[in-house]
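To keep things clear, I will list the structure first and then write my remarks on it.
Bear in mind these aren't lab numbers, they're just calculated from the coordinates by the rules spelled out. Just so we're clear, the structure is a prediction, and the values are computed from it rather than from any experiment. Backbone-built Cβ (ideal geometry, glycine too); neighbour counts: all protein chains shown.
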Amino acid sequence: MDNRKRLLEYLLEHKWCFLWGALLGGIATGSDIVTMYLLRLFTDAAGKGDWNTITMVAVFFVGLQFPKGIAGYWQFYLIALATNRIAVDIRNKMYSHLQAMSLSFFERNRIGHLMSRMTNDVGLIQNGSGAATDAINAPLLVIGGIARMFSINWILALVGVVFVPLMGLLISKITRKMRKLTMMLQLKLADVTAVLEETMAGIRIVKSFGMEKQEIERFKEQNDASLKAALKGARRNAAVTPVTEFFGSLAVVVILLVGGYLTAQHRMTVGGLFEFGGLAIYVASSAKKIGRLNVTYHQTMAGIERIFEVLGEAPDITDSSVAADLGDIVGRVEFNDVAFSYQTGEQVLRNLSFAMEPGKAVAVVGPSGAGKSTVANLIPRFYEVSGGAVMVDGHDVRSVTMESLRRHIGIVPQETILFSGTIRDNIAYGRPDANDDEVEQAARAANAHMFITQFDDGYKTVLGERGARLSGGERQRIAIARAILKDPRILILDEATSSLDATSERLVQEALDKLMVGRTTLVIAHRLSTIKQADSIIVLGDGKIVEQGSFDELMQQGGVFAGLYHTQFDLEKEEVVASSEGHLEKTQS
Ligand code: ATP
């Protein structure tokens, strides 16, 4: 759809505000035109010493301010109501749209850029629709004013308006590039937001590498680029006012000369000339506003364009039109000849076939980049397979609704994301209807109850934006409690690679063991103990299964897994031995 149509659609959604705004604008501008008429009466009466008329004019003049004031007040409010609603509607629409997008969309787009579209670009539209007051009043005044000017003296009016088309031509020439320049500015602003978002989110890394100075420089560079773009636009924008003012004053000068002549010839009264002059000034200032509106229009269209670039992009993973609810499941997961490649094109998984039996745990191991996380991401359909199928209880994941599929899947990621809110809110994330008892039971099962109750506010303890007040192990246990409360049939565990201290490690492991009971579990395993406990192990290499079997079977085979075991886990075994020896020594002493 054309962007102008889109803008119009938004405006039409609030047509009553704008229609009332136009009506009230008519009253306000009508009052301005009448004011000029009163000026005429006053001037002519003053020339004759007609005090009756002068008093009447004074009373009318004051009286006129009331309807004008009330109309102005309501017009302003109604337009503000419409524009703020438009901005809120667009933001809501964008947010819902972003929630519907797949993970690959967020990998293609910088988060800061998306945030900028939601703030800076929506701001442009809000600003643009805010100009509606001028867009209503200024043309009304120009049309009404010029009509009245013609009725006063058509020759003078003709002389006055001859400059209008000339002025319009020049302004449209000046503002023609405005949209492109605004697009450039918004792009630069998005870069600024992106740097801000990335460095604030990664502030620990910035500080730990001592990169503050470099980041300040990078931010300055982006900010300076936005300044340059802003100034380019400002130069054009600044030219609009002098151009309109020049033509406006030219018109006033000609009106004064011709009008002075006509008055001297008694073909017009002094009052008539005053009224005409006053109207000419009003019309000129309204024409100036129309000139500025042209700038605002192009800026608004740039905002609309950038917003609809996002809104116009259809989600690439959606429920099919015949998608059914998955219903209750036992939790059998099957990969049937699965092939997969990310949008970058390189094939990451090929001919992958394996089954996960209900209630059993499968450990996926393999070198970095082998495709372990990719396998895990295909079960909840975060990405779409490019060949074969992922089946849950015999249903292709593409044939069921994503909501019903994901309802049965719990994920404990390597790094726990906590949202701002209380500990309770964070555990009940995904199950906000859970009662306090259920939350506590989940926390107990996850070995989290103890540390939670040590906080003064217990479950009501408010966590920082990213849960800065919890240790790594505590965060993991919150994530486990979250999964326990969700009670999914299928579990995906991405074991954290960062090691915890022995006590914390034991608490997390215990919690995980409890969580896994009776659930079909896929573990991206890094710990030796998990691998040993798993019912079967899949060894991935270069996107393919290179070995598969139980721990003992694979060790007996003496193949890739056995090799991996020796190189990767010998160190771990040594550490375990060392720490238990240390523990022994400590206990003995
Ligand atoms: P690790 O143990 O290091 O986490 P992994 O075995 O889990 O590795 P994956 O993360 O599944 O491996 O990655 C498999 C391959 O796909 C790698 O070559 C990786 O570079 C690539 N890859 C992963 N995620 C993406 C993505 N979002 N877009 C493009 N390529 C990706």
Could you work out the pair-distance distribution P(r) of the range 141-274 from its alpha-carbon pairs, with 5 angstrom bin width and percents rounded to whole numbers? 2, 9, 13, 12, 10, 8, 7, 7, 6, 6, 5, 5, 4, 3, 2, 1, 0, 0
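Å³ per residue of the Cα convex hull, for the range 46-110? All intermediate terms of the calculation are to be shown ahead of the outcome.
Numbers: hull volume 6.5 nm³, N = 65.
In the range 46-110, the Cα hull volume divided by residue count equals 100 Å³.
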Would you mind giving the average projected area, over all directions, of the Cα convex hull of the range 259-332 in nm² with one decimal? 11.2 nm²
Using the Karplus curve 6.51 cos²θ - 1.76 cosθ + 1.60 with θ = phi - 60°, what ³J(HN,Hα) values do you get for each residue of the range 87-97, in whole Hz, with x for Gly and Pro? 4, 5, 4, 5, 4, 4, 5, 5, 5, 4, 4
Could you work out [θ]222 nm for the chain from helices alone, using -39500 (n - 2.57) per DSSP H run of at least four and dividing by all its residues? Round to the nearest 500 deg cm²/dmol. -21500 deg cm²/dmol
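I want to verify the translational diffusion coefficient of the range 417-458 in µm²/s; compute it with Stokes-Einstein, Rh as the Kirkwood radius over Cα pairs, at 37 °C and 0.692 mPa s. All intermediate terms of the calculation are to be shown ahead of the outcome.
Values: Rh = 10.5 Å.
The estimated diffusion coefficient comes to 311 µm²/s.
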Whole percent per 10 Å bin, from 0 to the bin with the longest distance: what is P(r) over all C-alpha pairs of the range 474-553? 16, 49, 29, 7
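How compact is the range 324-368 by the rule of thumb for globular proteins, expressed as Cα Rg over 2.2 N^0.38 Å?
Details: Rg = 13.8 Å, N = 45, 2.2 N^0.38 = 9.3 Å.
That works out to 1.48 for the range 324-368.
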FRET efficiency (residue 180, residue 205; Cβ distance; R0 35 Å; to 0.05) is 0.45
Pairwise centroid distance, computed over Cα atoms, of the range 65-81 with the range 298-333, Å: 41 Å
Placed amide H near residue 411: partners under 5 Å, 5+ positions off or other chain: 492
With angles folded into 0 to 90 degrees, how steeply does helix 132-152 sit against the dominant principal axis of the chain? Use alpha carbons for both and round to 10. 10 degrees
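Report the per residue volume, in Å³, of the convex hull enclosing the C-alpha atoms of the range 201-348.
Details: hull volume 48.1 nm³, N = 148.
In the range 201-348, the Cα hull volume divided by residue count equals 325 Å³.
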In whole Å, what are the Cα extents of the range 62-162 along the three principal axes, biggest one first? 68, 35, 17
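Work out the P(r) tail for the range 331-424: percent of alpha carbon pairs separated by more than 24 Å, whole number. Write out the running numbers ahead of the final one.
Details: 1093 of 4371 pairs.
Distances greater than 24 Å cover 25 percent of the Cα pairs.
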Which stretch or stretches of the range 438-480 have amide N atoms under 20 Å from the point lying 7 Å from residue 115's Cα along the Cα→Cβ direction? 463-469
Which angle between 0 and 90 degrees, to the nearest 10, do you get for helix 164-175 versus the longest principal axis of the chain when only C-alpha atoms count? 20 degrees
So if R0 is 45 Å, what FRET efficiency would residue 548 and residue 313 give, r being the distance between their Cβ atoms, rounded to the nearest 0.05? 0.70
Under 5 Å from the placed amide H of residue 366, counting only residues 5+ away or on other chains, we find 540
Given H placed 1.01 Å from N in the peptide plane, which residues other than close sequence neighbours of residue 388 have an amide H under 5 Å from its amide H? 339
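Going from the alpha-carbon gyration tensor of the range 1-53, what semi-axes, largest first and in whole Å, does one get by taking the root of 5 times each eigenvalue?
Numbers: eigenvalues 394, 22, 3 Å².
Taking √(5λ) for each eigenvalue gives 44, 11, 4 Å, largest first.
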Computed ³J(HN,Hα) along the range 18-26: with the Karplus parameters 6.51/-1.76/1.60, θ = phi - 60°, integer Hz and x for glycine or proline, the list is 5, 5, 4, x, 5, 5, 5, x, x
Reduced to Cα centres, the span from the range 376-437 to the range 195-267 in Å works out to 48 Å
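What's the FRET efficiency of residue 246 with residue 27 using the Cβ-Cβ distance as r and R₀ = 25 Å, to the nearest 0.05? Spell out each step's value before the answer.
Working: r = 32 Å, r/R0 = 1.27.
Rounded to the nearest 0.05, the efficiency is 0.20.
So for the range 428-562, if I pair up every lysine 8 or more residues apart or on another chain, how many of those pairs have alpha-carbons under 24 Å apart?
Values: 460/486; 486/514; 514/532; 532/544.
For the range 428-562, the number of qualifying lysine pairs is 4.
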Starting from the Cα of residue 415, step 7 Å along the direction of its Cβ; do the same at residue 386; then give the gap between the two resulting points in nm. 2.7 nm
Given the Cα-Cα distance of residue 70 and residue 224 and 0.36 nm per residue of separation, how much length would full extension add, in nm? 51.0 nm
Fewest-first ranking of 567, 416, using other Cβ atoms within 10 Å as the exposure measure: 567, 416
May I ask for the percentage of alpha-carbon pairs in the range 216-268 that lie more than 12 Å from each other? 74 percent
Determine the gain in length on full extension of the stretch residue 264-residue 217; use 0.36 nm per residue of separation and subtract their C-alpha separation, reporting nm with one decimal. 10.1 nm
Ordered by residue, what ³J(HN,Hα) values in Hz, to whole numbers, does the range 445-450 give under the Karplus form 6.51 cos²θ - 1.76 cosθ + 1.60, where θ = phi - 60° and Gly and Pro are x? 4, 8, 6, 10, 4, 4
Quick one: if you take sqrt(5λ) for each eigenvalue of the C-alpha gyration tensor of the chain, what semi-axes come out, biggest first, whole angstrom? 73, 25, 23
Taking the convex hull of the alpha-carbon atoms of the range 441-497 and averaging its shadow over every direction gives an area in square nanometres of 4.4 nm²
